[in-house]
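> Next up is a structure, given as C-alpha cells.
The values are calculated or read from the model by the stated rules, or taken from the named source; none is laboratory data. Quick caveat: nothing in here was measured; it's all calculated off a predicted structure. Cβ placement follows ideal geometry from the backbone for every residue including glycine, while neighbour counts extend to all protein chains displayed. To get the accessible areas, we keep the full protein, side chains included, count just its heavy atoms, and leave off ligands, DNA and RNA. Shrake-Rupley method; radii C 1.70, N 1.55, O 1.52, S 1.80 Å.
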Amino acid sequence: MGRFSWRWGKRKVRTGLGILLVCSIGLSGCAQGTAPTASSVEDGRSGIALTKDELVLAVGTEPEGGFDPTTGWGQYGSPLFQSTLLKRNAKLQLVNDLATAYSVSEDGLTWTVTLREDVKFSDGEPLTAEDVKFTFDTAAQSGSVIDLTNMADVQAPDDSTVIFTLKSPQSTFISLLTTLGIVPEHAYGADYAEHPVGSGPYKLVQWDKGQQAIVEANEEYYGNKSAFHKLTFLYLDEDAAYAAAQAGTVDIAAIPAAFSKQEVNGMTLEAVKTVDNRGIMFPMQPAGAKSGDGLPAGNDVTSDLAIRQAVNVVIDRKTLVEGVLEGYGRPAYSVSDDLPWSNEEAVFTDANLEEAKRILTSGGWVDTDGDGIVEKNGVKAEFNLLYFAGDLTRQSLALAAADMVAQAGIKINVEGKSREETKKMAYSNAVLFGWGSHDPLETYNLYSSTHKGEGYYNVGLYSNPVVDSWMEKALKATSEEEALPFWQKAEWDGTTGFSYQGDAPWAWLVNIDHLYLVTNGLNIGEQQIHPHGHGWPVTSNLEEWSWDNSTNKK
Amino acid sequence: MTGRNGWARFVGFKMLRLLSLLVGVSVLSFILMQFSPVDPIEAYIGGDMIRVSAEQRSLIEERWGLNESSTERLLTWGQALIQGDLGTSMIYRQPVADIIQERFMNSVALMAVAWILSGIIGFTLGVVAAMRRNSKLDRLICWYCYTLASTPVFWIALLLLMVFGVWLGWLPVGLGVPAGMSADQVTWGDRVIHMILPALTLSLTGVASIALHTRQKLMDVLESDYILFARARGERGFQLFRRHGFRHVVLPAITLQFASFSELFGGAVLAEQVFSYPGLGQATVQAGLRGDVPLLLGLVMCSAIFVFTGNMVADILYRLIDPRMKEELMS
C-alpha cells in the first residue's frame with residue numbers, strides 16, 4: 001500500500017512538472033514570437049531601403065548537387081561563382097569571357113583557346129590553363145549531365161593556352177565552352193560543391209540547404225562590376241515565390257502564367273521571350289517500323305506529308321497564344337525561333353483553312369462518306385495526340401489544336417499519358433513535346449537520322465539524307481558563323497528541309513514566355529531569348545541589372 | 001529480479017522486432033522502387049535529355065551502379081549498410097547520412113513543437129468539451145475536430161500562408177531562417193517565428209483525435225459512481241476535474257499522442273513542402289520523384305525508426321501505467 005501511494009505521488013509530481021514545463025515553453029515561445037515578428041519585418045524593409053545594393057531573388061529551384069560546374073551547375077544562366085571561356089550576349093552572339101581568342105583546325109578536331117592573364121579566383125590565386133584542363137578532365141569523369149564524350153583530350157602547353165582534341169568534328173562543342181564554369185585545381189575537393197571558389201562575379205557566402213543561398217560580389221572579378229553587392233536567392237517553388245512577392249519579401253520572382261492576371265503591389269510583370277517551345281511531333285514512318293529499343297513505331301496517317309502540312313497550316317498559333325497562354329508567348333514555327341541558327345524563311349502564314357483543304361485534296365485525302373473526316377485508300381485521317389498528363393498547358397494546347405485541325409477534316413484524339421507510358425507509345429503516336437535550347441546540338445538530335453529512335457532523339461524516326469548532309473556540314477564547320485548557314489539550310493534550303501515547306505516532321509505551336517515579377521524600378525536589362533528552363537536563365541546578365549531611378553526604390 | 005528480467009526480455013524483443021521491421025521495410029521499398037516507372041537516369045538528367053548522348057548515359061549508369069542487376073544493387077547496399085554506410089545520394093551527390101542528419105534536426109524541432117502544442121490544445125479542448133457536455137461550446141469543439149480531421153494538411157498550410165503570410169503580413173511566408181541573413185546573425189527568435197506557421201499547421205490538424213478521445217474518456221469518467229459521490233459532496237467544475245478526472249484521462253492521452261508519430265511524420269512532409277521548410281519532407285519528395293534509391297531507403301528507415309520509437313514509448317507507458325498489462329508482461 002505504501003509503495004503504491006509513493007509511486008502515485010512521484011508520478012503526479014512528474015506529470016505536473018512536465019505539464020508546467022510544456023506550458024512555460026509554449027508561453028515563452030509565444031511571447032518571444034510576437035515581439036521580434038514586427039521588428040524583423042521592419043528590419044527587412046528598412047534594410048533594403050537603406051542599402052539599395054542588395055536584392056532578394058526567387059528565380060528557380062535549388063541545385064541539389066551544389067555549385068560544382070563539373071557536375072552540372074550553371075548549365076543555364078550564369079554560373080555566378082565561376083566564369084566560362086566564352087559566353088553569349090543578349091543577341092546570343094559569342095563573346096569572349098576568360099578566353100581572348102579561339103581557333104579551330106581545318107579538320108575541326110583541334111581547338112585552341114587563349115586565356116586572358118589577369119584573372120584571379122576569389123581566393124586571390126591566378127587562373128591558368130591548368131585549371132581549365134583540370135575542369136574539363138574532372139567534368140568528363142564525373143558521370144553527370146555534362147556530356148564530354150566527344151572530347152579525346154585536353155592539354156595546357158603553357159599558362160594561357162588550352163588545346164582540346166575532339167574525337168569527331170563538332171562545332172557545337174562551343175556550347176561547352178560557354179556553359180562550363182572553370183574550377184580552381186588548387187581549391188577543388190570533395191566539398192567543392194558546397195564551398196565553390198571561382199572567378200565569377202559573385203562568391204558564395206552562405207548556403208542554407210533547402211532554403212537560400214547568400215552571395216556577395218567577388219572583389220577579384222575582372223569583368224564589369226554588378227550594381228548589387230549582395231544577392232539572396234530563395235529556393236521557393238512557384239506558389240511560394242508568388243506568395244513571397246505578394247508579401248513584399250522578394251525583388252524578383254519567377255511565376256507561372258496562371259498567376260499573371262493578378263496585380264502585385266509595387267511589382268511589374270516582365271515577360272521574357274523564349275524558345276521554351278511546344279510542338280506536335282509526328283511519327284514519320286508507316287506503321288510497322290521499330291524504334292532503337294525495338295518498340296513499335298510508325299503511323300499510317302501521320303506518315304503522309306499532306307496530313308502533316310495540313311495540320312501545320314490550319315492551326316491558328318496567335319489564337320493559341322491568346323487563348324491558352326493569356327497572351328504571354330509567341331507563335332512557334334521551328335524548334336529554335338529567332339536563334340542565330342534558325343531560318344527566317346521557314347516562317348509561314350498559318351490559320352489558313354483553304355490552304356489546308358487544298359493540300360489534303362491534292363494529297364488524295366477526300367471525305368467520301370460525309371462524316372466530316374477525310375479518307376485516303378480507306379484510311380481515315382485520325383490519330384492520337386499524347387501529352388504528359390498533369391501538364392495543364394500542354395493539355396489545353398493539345399485540345400485547342402485538335403479543335404482547329406478538325407475543321408480541315410482531320411480527327412485528333414487527345415490523350416493524357418504519364419511520361420513513362422508516353423515514352424513507350426511515342427514512336428507510333430503524335431506527341432506534344434517541349435524543347436528549346438541555346439545549343440544547336442538539340443536541332444541535330446531532333447532531326448538527324450544518325451540517332452533516330454534512341455530515347456528522345458528523333459522520336460518520329462525522321463530521315464532525310466539532304467538534311468543529314470547539311471547538318472553534318474554544320475557540325476564539321478570550324479566556327480559558329482561558318483556553321484549557321486548550314487543549320488539554316490537543313491531547315492529549308494529551297495527544295496527540302498525539316499521545316500513546314502519541306503517534310504514538316506513537327507507542327508510547332510508556341511513559344512511560352514517566362515514571367516517574372518520585378519520590383520518597380522529594378523531594370524533587368526536586355527534579356528536573351530531564354531531556353532527551356534524557367535527561372536535561373538534570368539541571371540545571365542546580372543551585371544547589367546540596375547535601379548532605374550531613385551524615386552522607385554523601396 | 002523477475003521484473004528486471006521481464007524488462008530485458010521486453011526490450012530485447014522490441015529490438016528484434018525493430019530489426020526485422022527495418023529489413024522488411026527497406027526490402028519492400030527497394031522492390032517498389034524497382035517497379036516504379038521512374039527512370040532514375042532520366043530523372044537525374046532532367047531538362048538536358050536531348051543534349052546528353054547515349055554514351056554519356058551509360059557513363060552515368062556506370063557511375064551510380066545502375067547497370068547492375070537489382071539483386072546485386074540491394075546486396076551491395078545491404079553490405080555497405082552493415083558497415084554503417086548508407087550510400088551516396090544521386091541527386092544531392094552527398095552521403096545519405098549527412099543529408100538525413102542535417103535535415104532531421106530541422107524536422108525534429110518542428111515536429112516536437114507541433115506535437116507538444118497539439119497535445120496540450122487537443123487535451124484542453126477534449127476536457128472542456130466533456131465538462132460542458134452538449135453545450136454550444138461542446139458542439140463547436142466537436143464540429144471543429146470533425147472538420148479538421150477531414151481536412152488535408154497542405155490545404156490548411158496554404159490557408160495559413162495566405163492569411164498570416166500574405167494578407168496580414170505578420171509571419172514569414174516560408175523558409176526556416178530570415179532571407180539574406182548570415183547564419184551568425186540568426187537568433188532563436190527568428191527560428192521560432194519561421195517555425196510558427198508550419199508548427200501551427202501540424203498542431204491544428206493534430207488536435208482532432210486527442211480531443212475527441214479525451215472528451216469520450218472524460219465523459220465516461222464523469223458518469224461513474226465516484227463522480228456522483230463527489231458531486232454530492234459539493235465538488236464542482238475545475239476542482240472536480242482536477243481531483244477526480246485529470247489523472248484518468250491524461251495518461252491515455254499521452255499514450256495516444258506517442259502513438260500518433262506516424263501521422264505527425266506524414267503531415268510534416270506536406271507542411272514542409274508548402275512552407276519551403278528545410279526538413280526531411282523536401283528530401284523525401286525529391287528522392288521519390290527522382291528515383292534516388294539510396295536516399296529514399298535511408299529516409300524510409302529513418303522514418304520507420306521514428307514511428308517505431310513513438311509506438312514503443314506508448315507501449316512502455318501503458319505498461320508503467322496499467323498494472324494489469326505489467327502483470328501480463330511479467331508472467
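> Would you confirm, using the coordinates I've provided, whether residue B:99 is within 10 Å of another protein chain (Cβ to nearest Cβ), part of a helix (DSSP H, G or I) and within 29 Å of the chain's Cα centre (by Cα)?
Yes.
> Separate question: Residues in region B:173-186 that are open to solvent by less than 40 Å² (accessible area, probe 1.4 Å) and at the interface with chain A (Cβ under 7 Å from one of its Cβ atoms): how many?
Final tally of qualifying residues: 8.
> Another one. Does region A:138-159 hold any residues that are open to solvent by 50 Å² or more (accessible area, probe 1.4 Å) and within 30 Å of residue B:40 (Cβ to Cβ), and which are they?
If the condition is that a residue be open to solvent by 50 Å² or more (accessible area, probe 1.4 Å) and within 30 Å of residue B:40 (Cβ to Cβ), then A:141, A:152 are the ones that fit.
> Also: Take the residues of region A:160-174 that are under 28 Å from the mean Cα position of the chain (by Cα) and farther than 24 Å from residue A:118 by Cα: which is surrounded by the most Cβ atoms within 10 Å (Cβ to Cβ)?
Selected residue: A:171.
> Can you work out which of the residues in region A:186-227 that are open to solvent by 30 Å² or more (accessible area, probe 1.4 Å), in contact with a strand residue (DSSP E or B) (Cβ under 9 Å, 6 or more places away or on another chain) and among the hydrophobic types (A, V, I, L, M, F, W, C) is nearest to the other protein chains (Cβ to nearest Cβ)?
Once the filter is applied, the top-ranked residue is A:205.
> Among the candidates A:469, A:499, A:540, single out the residue that is within 30 Å of residue A:301 (Cα to Cα) and outside any loop (DSSP other than H, G, I, E, B).
Testing whether each residue is within 30 Å of residue A:301 (Cα to Cα) and outside any loop (DSSP other than H, G, I, E, B) leaves just A:469.
> Now, a different point. Which members of region B:173-201 meet the condition of being closer than 12 Å to residue B:109 by Cβ and in a helix (DSSP H, G or I)?
Across region B:173-201, the qualifying residues are B:188, B:191, B:192, B:194, B:195, B:198, B:199.
> Within region A:133-149, can you find the residues that are more than 9 Å from chain B (Cβ to nearest Cβ) and modelled with pLDDT under 90?
Scanning region A:133-149 gives no hits.
> Does region B:187-244 hold any residues that are open to solvent by 40 Å² or more (accessible area, probe 1.4 Å), among the hydroxyl-bearing types (Ser, Thr, Tyr) and either within 14 Å of chain A (Cβ to nearest Cβ) or more than 23 Å from the chain's Cα centre (by Cα) (or both), and which are they?
B:187, B:226
> Now for a separate question. Tell me which helices (runs of 4 or more DSSP H) are completely within region B:1-95 and hold 3 or more residues being more than 14 Å from chain A (Cβ to nearest Cβ) and of a type outside the set (Ser, Thr, Tyr), or say none if there are none.
Helices (runs of 4 or more DSSP H) meeting the threshold: B:2-35, B:70-82.
> Of the conditions (1) under 27 Å from residue A:305 (Cβ atoms); (2) within 14 Å of another protein chain (Cβ to nearest Cβ), residue A:514 clears all except one; give me its number.
It is condition (1) that residue A:514 fails.
> Looking only at region B:121-130, decide whether some residue is loosely packed, with under 14 Cβ neighbours inside 10 Å, more than 10 Å from every other protein chain (Cβ to nearest Cβ) and at pLDDT below 90.
No, the conditions are met nowhere in region B:121-130.
> On to the next question. Would you confirm whether or not region A:228-251 contains a residue that is away from every other protein chain (no Cβ under 13 Å), within 29 Å of residue A:200 (Cα to Cα) and open to solvent by less than 60 Å² (accessible area, probe 1.4 Å)?
No.
> Among the listed residues A:351, A:346, A:297, identify the single one that is modelled with pLDDT under 95, open to solvent by less than 30 Å² (accessible area, probe 1.4 Å) and either more than 24 Å from residue A:486 (Cα to Cα) or not aliphatic (A, V, I, L, M) (or both).
After ruling out the rest, the residue left standing is A:297.
> Restricting to region B:149-169, name every residue that is at pLDDT below 85, under 21 Å from the mean Cα position of the chain (by Cα) and either within 11 Å of chain A (Cβ to nearest Cβ) or part of a helix (DSSP H, G or I) (or both).
Correct list: B:149, B:153, B:154.
> Now for a different question. Hey, any hits in region A:255-264 for a residue that's within 11 Å of chain B (Cβ to nearest Cβ) and on the phi < 0 side of the Ramachandran plot?
So far as region A:255-264 goes, yes, one or more of its residues are within 11 Å of chain B (Cβ to nearest Cβ) and on the phi < 0 side of the Ramachandran plot.
> If you check B:282, B:273, B:286, B:257, which single one turns out to be farther than 17 Å from residue B:210 by Cα and open to solvent by less than 50 Å² (accessible area, probe 1.4 Å)?
Of B:282, B:273, B:286, B:257, the one residue that is farther than 17 Å from residue B:210 by Cα and open to solvent by less than 50 Å² (accessible area, probe 1.4 Å) is B:282.
> I would also like to ask the following. Just a yes or no: is a residue in region A:168-176 part of a strand (DSSP E or B) and touching a residue at least 12 places away in the same chain (Cβ under 8 Å)?
no
> Condition first: free of Cβ contacts under 8 Å to residues at least 60 places away in the same chain and touching a helix residue (DSSP H, G or I) at 6+ places or on another chain (Cβ under 6 Å). Now tell me which residues in region A:139-150 satisfy that.
Across region A:139-150, the qualifying residues are A:143, A:147, A:148, A:149.
> Can you tell me how many residues in region A:300-322 are surrounded by 21 or more Cβ atoms within 10 Å (Cβ to Cβ) and among the hydroxyl-bearing types (Ser, Thr, Tyr)?
1
> So which pairs qualify, if the first residue must be in region A:52-72 and within 11 Å of another protein chain (Cβ to nearest Cβ) and assigned to a strand (DSSP E or B), the second must be open to solvent by less than 20 Å² (accessible area, probe 1.4 Å) and acidic (Asp, Glu), the Cβ gap must be under 6 Å, and the two must be at least 6 apart or on different chains?
A:55/A:251; A:56/A:251
> In addition: Quick one: is residue A:542 within 14 Å of the chain's Cα centre (by Cα) and open to solvent by less than 20 Å² (accessible area, probe 1.4 Å)?
Against the criterion (within 14 Å of the chain's Cα centre (by Cα) and open to solvent by less than 20 Å² (accessible area, probe 1.4 Å)), residue A:542 does not qualify.
> Here's another thing I want to ask about it. Quick one: how many residues across region A:410-441 are open to solvent by 10 Å² or more (accessible area, probe 1.4 Å) and in a helix (DSSP H, G or I)?
Total meeting the criteria: 7.
> Among residues belonging to region B:291-331 that are buried (at least 19 other Cβ atoms within 10 Å of the Cβ) and outside any helix (DSSP H, G or I), point out the one that is modelled with the highest pLDDT.
B:292
> Given A:249, A:268, A:232, which one is under 21 Å from residue A:527 (Cα atoms), more than 22 Å from the chain's Cα centre (by Cα) and not aromatic (Phe, Trp, Tyr)?
Of the residues listed, the single one that is under 21 Å from residue A:527 (Cα atoms), more than 22 Å from the chain's Cα centre (by Cα) and not aromatic (Phe, Trp, Tyr) is A:268.
> Hey, another quick one. Only one of A:463, A:469, A:449 is open to solvent by 10 Å² or more (accessible area, probe 1.4 Å) and touching a Leu at 6+ places or on another chain (Cβ under 9 Å). Can you tell me which?
Criteria check complete, one pass: A:449.
> Of the conditions (1) within 14 Å of another protein chain (Cβ to nearest Cβ); (2) in contact with a strand residue (DSSP E or B) (Cβ under 8 Å, 6 or more places away or on another chain); (3) among the charged types (D, E, K, R), residue A:420 clears all except one; give me its number.
In the conditions (1) within 14 Å of another protein chain (Cβ to nearest Cβ); (2) in contact with a strand residue (DSSP E or B) (Cβ under 8 Å, 6 or more places away or on another chain); (3) among the charged types (D, E, K, R), residue A:420 misses (2) alone.
> Would you mind finding the one in A:130, A:106, A:117, A:185 that is over 28 Å from residue A:221 (Cα atoms) and in contact (Cβ under 8 Å) with a residue 24 or more places away in the chain?
A:106
> Something else now. From the list A:450, A:495, pick out the single residue that is more than 22 Å from the chain's Cα centre (by Cα), polar (S, T, N, Q) and at pLDDT 90 or above.
On inspection, the qualifying residue turns out to be A:495.
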